[in-house]
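Just below is one structure, and these are the notes that go with it.
The values are calculated or read from the model by the stated rules, or taken from the named source; none is laboratory data. Worth saying up front: this structure is predicted, and the values here are computed from it rather than measured. Here the Cβ positions follow ideal geometry from the backbone for every residue, glycine too, while neighbour counts run over all protein chains shown. These area figures cover heavy atoms from the full protein model, side chains too; ligands, DNA and RNA do not enter into them. Shrake-Rupley method; radii C 1.70, N 1.55, O 1.52, S 1.80 Å.
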Amino acid sequence: MNENERNGFSGSSKNAKKRIIIVLVCVLVTLCVLFAAVFVIDYFEGAVNEENSGIQTISPDEFYPVIWDEDIYADKDYSDIVAGEFIRYDGQNNEGIVGINEENVNKKGEEVVFLVDMIYDIINGDYESYNARFSEKYYSSNAPVEKFTKQKVYDVTITYAQAENKTGNGTMYCLEYKILKNNGTFRNDILNGSKKQYIILTKDSGDIKIDSLVTVTPQFK
């Protein structure tokens with residue numbers, strides 16, 4: 001084999017190696033992209049939007065015993081937690097998160113008053129008043145909640161979330177709260193933590209009503 005043949009063979013070998021390396025790099029990049037895509041899809045599929053339909057997600061044995069006539073404020077653990085401003089509001093006027101109390105709640109507007117009153121419906125176990133807050137549109141695909149006990153609700157945050165309302169109908173808020181020693185009669189999808197609930201409020205014959213309440217369940221807790 002002469003010098004030119006040796007150089008030609010060597011050049012072909014180098015080119016082949018380069019092509020193999022390029023192909024391997026492309027395969028690795030493709031695999032990385034596919035793995036990343038699968039991760040993202042799994043994550044967002046985990047954020048399951050479920051209407052407040054009472055789907056059981058926690059074992060009944062994990063909830064506290066049901067006491068229908070319980071005085072929840074006699075529980076010092078609860079009375080201590082709600083002794084201050086346990087409801088917070090994050091509004092649209094760049095004022096930051098503020099504590100809600102009897103003196104300032106009316107200054108936040110009728111929709112915030114509506115949501116705060118709804119929280120107290122839950123605390124007081126007033127299922128009839130709670131159910132009356134939902135519109136005919138909501139009940140076209142959802143059932144009223146059944147009778148529930150007084151709930152030890154705390155760590156409440158109401159967030160103005162209109163920017164996330166893609167329908168443009170009504171006003172959207174995000175509601176989060178926890179229930180101390182949850183007995184499962186009202187919420188059987190949370191135990192010690194909380195889940196975001198997106199609520200769309202509309203005016204129905206002059207009265208505020210809830211057209212949609214969607215609970216977001218994250219995959220990773």
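Of (1) open to solvent by 30 Å² or more (accessible area, probe 1.4 Å); (2) within 24 Å of T171 (Cβ to Cβ), V66 satisfies all except one. Which? For V66, the failing item is (2).
Comparison of K203, K209, K178, K195 shows that the only residue that is outside any loop (DSSP other than H, G, I, E, B) and under 22 Å from V82 (Cα atoms) is K178. Looking across segment 184-211, the residues that are within 16 Å of T171 (Cα to Cα) and of a type in the set (A, V, I, L, M, F, W, C) come down to I199, I200, L201, I208, I210. Applying a threshold of 7 Å to beta carbon distances and a minimum spacing of six or more residues, or different chains, the list of pairs starting in segment 117-134 at a residue that is closer than 17 Å to W68 by Cβ and open to solvent by less than 10 Å² (accessible area, probe 1.4 Å) and ending at one that is at pLDDT 95 or above and of a type in the set (D, E, K, R) reads I123/K150; Y130/D121. The set of residues in segment 98-116 being of a type outside the set (D, E, K, R), buried (at least 19 other Cβ atoms within 10 Å of the Cβ) and in contact with a helix residue (DSSP H, G or I) (Cβ under 9 Å, 6 or more places away or on another chain) consists of I100, V112, V116.
Of all residues in segment 184-199, those being closer than 28 Å to S140 by Cα, open to solvent by 20 Å² or more (accessible area, probe 1.4 Å) and out of contact with any helix residue (DSSP H, G or I) (no Cβ under 9 Å at 6 or more places or on another chain) number 3.
Condition first: part of a strand (DSSP E or B) and either in contact with a Leu (Cβ under 6 Å, 6 or more places away or on another chain) or open to solvent by 70 Å² or more (accessible area, probe 1.4 Å) (or both). Now tell me which residues in segment 155-172 satisfy that. Correct list: I158, T171. How many of the residues making up segment 176-206 are acidic (D, E) and farther than 20 Å from Y160 by Cβ? Counting residues in segment 176-206 that are acidic (D, E) and farther than 20 Å from Y160 by Cβ gives 2.
Looking at segment 145-153, is at least one residue touching a residue at least 24 places away in the same chain (Cβ under 8 Å), touching a helix residue (DSSP H, G or I) at 6+ places or on another chain (Cβ under 6 Å), closer than 30 Å to D69 by Cβ and open to solvent by 40 Å² or more (accessible area, probe 1.4 Å)? Looking for residues that are touching a residue at least 24 places away in the same chain (Cβ under 8 Å), touching a helix residue (DSSP H, G or I) at 6+ places or on another chain (Cβ under 6 Å), closer than 30 Å to D69 by Cβ and open to solvent by 40 Å² or more (accessible area, probe 1.4 Å), one finds at least one in segment 145-153, hence yes.
Residue by residue through segment 77-116, note down the ones that are touching a residue at least 24 places away in the same chain (Cβ under 8 Å), under 22 Å from the mean Cα position of the chain (by Cα) and outside any helix (DSSP H, G or I).
Going through segment 77-116, the residues touching a residue at least 24 places away in the same chain (Cβ under 8 Å) turn out to be 77-78, 81-82, 86-92, 97, 100, 110-112, 114-116.
Keeping just the survivors that are under 22 Å from the mean Cα position of the chain (by Cα) gives 86-92, 97, 100, 111-112, 114-116.
Of everything in segment 77-116, those that are touching a residue at least 24 places away in the same chain (Cβ under 8 Å), under 22 Å from the mean Cα position of the chain (by Cα) and outside any helix (DSSP H, G or I) turn out to be F86, I87, R88, Y89, D90, G91, Q92, I97, I100.
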